[in-house]
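**Q** Here it is: the structure, laid out below.
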Amino acid sequence: MHSLVILGSTGSIGENVLKIVDAHPDRLRVVGLAAHSRAARLAEQAARYRPLVVALADESAKEEFHAARGTFSGKLLTGPSALPEIAGIPEADTVVVAVVGSAGYHPTLAAIEAGKRICLANKETLVVAGAIVMDAARRKGVEILPIDSEHSAIWQCLKCGRPSEVDRILLTGSGGPFRTRPLDTFPAITKAEALAHPNWQMGAKITIDSATMMNKAFEIIEAVWLFNIAADKIEVVLHPQSIIHSAVRFADGSVLAQMGNPDMKLPIQHALLYPERLPAPQQLFKLADCADLSFEKPDESRYPALPLARRVIELGHTYPAVLNAADEAAVELFLAGRISFPDILKLVAGAVKWHKPLANPDLDDLDQVGTWAADWVRAAAKKTNALDIMP
Ligand code: NDP
Ligand code: MG
């Protein structure tokens, strides 16, 4: 039996984690639930799953939680230390990190320091603090099991050979909603169009990241840290149907791929129950129903996030933290209707260009760099014509 703390339980991944808990009550139980501010939904979850502790990062949502808590008698933690604290409670053996954005790395590190097994959906944790997180996990002997579907696929395929036999990782991506849209119409892309992902139901931030392909850019960095592999051995391949979730080519030319319907319950269950494989609650994949599987090389002028990520990986130091924080701020501005779709990448590239890096950053450095990048993006977005002179 695993005892779970779920960070981000009210989100798209968090709700799917709870469906897997429902399907395997003899294997999984919930001891902690955490969210940002959606207190009413967290209270409903608390009433149903009866965790020992719940947490809300936004202190101002406390009263709403108390009003809705019903018969829930567990403890409520609030404020900026609430997630790191719940991530370390002694009753848990596993922490599922399903918060979005830069909210992930502090609680993940707290969970690692407390010796918890990590099931990681929040890729931003590795983009920002990959070196620190992987070092801490090694030092504490903690496993980091990926939930991201591509990384779950790669993890499964890698079991078929030795690390020295891996020739390259084939990281697949659907290409998002704008794979074939004429480039000259990109400035007119609306929020509703960018939020309509063709294959996956996800939270707003990752859906916009999928439309710009910043999500795939982050996933290259995530794979570098998780699998200890050089970025130039990771090839992005567009696969619009999202059936092959990624593949590994071995030295002898054999390509092993993992397939399944585009449903996050599969990689979530794989991580939560690892190393067991048990019947899954969702519809099972049928190869014969798959008429078409197509693949293509991504066009980098359509997806500037990909070459930008490769440059950022090469530059190292605090550059990946800037990439993450600048993207988070730019996506927020796009969702608020303040900038156009192409401005997202212009602003992120601008922050990367003007950043003054710090070598061997510690957590405080990463926090500061993140604040700098987000402030830079917000300030640049306000300046008239600033975006026309961006790189
Ligand atoms: P959602 O936006 O649906 O959910 C985000 C969750 O995080 C909510 O529970 C939210 O709480 C909580 N949260 C947001 N900000 C904070 C904060 N500052 N402090 C504490 N909690 C916070 O996101 P997704 O579920 O789509 O994505 C979660 C993570 O998983 C992301 O890193 C994403 O990249 C990754 N991922 C997601 C996939 C998907 O299919 N959705 C696939 C692969 C990876 P509240 O509801 O109160 O705001
Ligand atoms: Mg993914």
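The values are calculated or read from the model by the stated rules, or taken from the named source; none is laboratory data. Everything numeric here is computed off the predicted structure, so don't read it as measured data. No Cβ is skipped: glycine too gets one built from the backbone with ideal geometry, and neighbour counts run over all protein chains shown.
**Q** Here are some residues: Thr78, Thr71. Which one is surrounded by fewer than 19 Cβ atoms within 10 Å (Cβ to Cβ), of a type in the set (S, T, N, Q) and at pLDDT 95 or above?
**A** Thr78
**Q** To continue, here is another question. What about Trp155, is it modelled with pLDDT under 95, within 16 Å of ligand 2 (Cβ to nearest atom) and of a type outside the set (Asp, Glu)?
**A** Spelling it out, it is not the case that Trp155 is modelled with pLDDT under 95, within 16 Å of ligand 2 (Cβ to nearest atom) and of a type outside the set (Asp, Glu).
**Q** Residue by residue through the range 3-19, note down the ones that are more than 7 Å from ligand 1 (Cβ to nearest atom), over 15 Å from Arg50 (Cα atoms) and in contact with a strand residue (DSSP E or B) (Cβ under 7 Å, 6 or more places away or on another chain).
**A** Passing the criteria: only Val17.
**Q** Restricting attention to strands (runs of 3 or more DSSP E) lying wholly within the range 220-266, give those where 3 or more residues are of a type in the set (A, V, I, L, M, F, W, C) and more than 13 Å from Leu293 (Cα to Cα).
**A** Hits in the range 220-266: 244-250.
**Q** Okay, moving on. Among the residues of the range 103-133 satisfying the criterion of being surrounded by 24 or more Cβ atoms within 10 Å (Cβ to Cβ) and among the small types (Gly, Ala, Ser), which is nearest to Val322 (Cα to Cα)?
**A** Ala129
**Q** Could you grab me the full set of residues in the range 172-204 that are part of a strand (DSSP E or B) and either more than 13 Å from ligand 1 (Cβ to nearest atom) or out of contact with any helix residue (DSSP H, G or I) (no Cβ under 6 Å at 6 or more places or on another chain) (or both)?
**A** Matches in the range 172-204: Thr172 only.
**Q** Glu63: acidic (Asp, Glu), touching a strand residue (DSSP E or B) at 6+ places or on another chain (Cβ under 9 Å) and surrounded by fewer than 24 Cβ atoms within 10 Å (Cβ to Cβ), yes or no?
**A** no
**Q** Inside the range 259-277, can you point out the residues that are touching a helix residue (DSSP H, G or I) at 6+ places or on another chain (Cβ under 9 Å) and surrounded by fewer than 13 Cβ atoms within 10 Å (Cβ to Cβ)?
**A** Arg277
**Q** Look through Ala230, Ala251, Ala280 and report the one residue that is closer than 14 Å to Leu171 by Cβ and more than 14 Å from ligand 2 (Cβ to nearest atom).
**A** Residue meeting the stated conditions: Ala230.
**Q** If Thr207 passes every condition in (1) within 23 Å of Leu315 (Cβ to Cβ); (2) assigned to a helix (DSSP H, G or I); (3) β-branched (Val, Ile, Thr) but one, which one does it miss?
**A** (1)
**Q** From the list Arg41, Arg29, Arg48, which one is in a helix (DSSP H, G or I), surrounded by fewer than 23 Cβ atoms within 10 Å (Cβ to Cβ) and touching a residue at least 24 places away in the same chain (Cβ under 8 Å)?
**A** Just a single option satisfies the conditions, and that option is Arg41.
**Q** Just the residues that are more than 19 Å from Gly173 (Cα to Cα), within 21 Å of the chain's Cα centre (by Cα) and not small (Gly, Ala, Ser), please, taken from the range 254-277.
**A** Selection gives Gln269, His270, Leu272, Leu273, Tyr274.
**Q** Also: Could you check Val17 against (1) surrounded by fewer than 22 Cβ atoms within 10 Å (Cβ to Cβ); (2) in contact with a helix residue (DSSP H, G or I) (Cβ under 8 Å, 6 or more places away or on another chain) and say which number it fails?
**A** Against the list (1) surrounded by fewer than 22 Cβ atoms within 10 Å (Cβ to Cβ); (2) in contact with a helix residue (DSSP H, G or I) (Cβ under 8 Å, 6 or more places away or on another chain), Val17 comes up short only on (1).
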